Amino acid sequence: MNRLYPILGFVVIGLIITCGCTAQTPPGPPATTPPSTFPPTPLTTATTPAPTTPVATPSPTVTATSLPTTQPTPSPGGTASVTIQNFAFVPGTLTITRGTTVTWVNQDSAPHTVVGDAFSSNTLSKGSAYSFTFGNAGTYRYHCGIHPSMTGTITVT
Ligand SMILES: [Cu+2]
């Protein structure tokens, strides 16, 4: 029996200590919100602008994309006419767009021809016609092979 008292005493003391400790520990202070006097963080952040040192970004070598070399095909079907009368081409100068077909019509009783660098007609009797389609831009001078003084010009744009 005598040896049990110290053990009980230790146990009791231990219980008291543990109980006391658990009892004394406050339930934890309420979450103390920081005092309102705490200097609020300034909303305006540093106004120093970010250094805008232009970093020489290597520009991507955008080589000119191969442009379509094919030009828009002129709308076919365009027509123009030149009358040959009184030993003259009427009108003497004519401006057309590419793809236009020019028709010469001989209204003279005399035969005529239409001769140019890019085209040449047969002999046109009265009432005969000759047509040529101008596909390329340029200035086309022509004349009558029979009467060299008869000249005309077709400008193709
Ligand atoms: Cu002629």
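With neighbours defined as other Cβ atoms within 10 Å of a residue's Cβ, the residues Ile146, Ile96 order from fewest to most as Ile146, Ile96. Projected onto their three principal axes, the Cα atoms of segment 79-156 cover extents of 32, 21, 19 Å, largest first.
Summarising the amide proton neighbourhood of Met150: residues at separation of 5 or more, or on other chains, whose placed amide H is nearer than 5 Å comprise Cys144.
For segment 129-138, the Karplus equation 6.51 cos²θ - 1.76 cosθ + 1.60, evaluated at θ = phi - 60°, returns couplings of 9, 9, 10, 8, 9, 8, x, 10, 5, x Hz by residue, with Gly and Pro reported as x.
Bear in mind these aren't lab numbers, they're just calculated from the coordinates by the rules spelled out. These figures come from a predicted structure and were not determined experimentally. Here the Cβ is made from the backbone with ideal geometry for all residues, glycine too, and neighbour counts use every protein chain on show.
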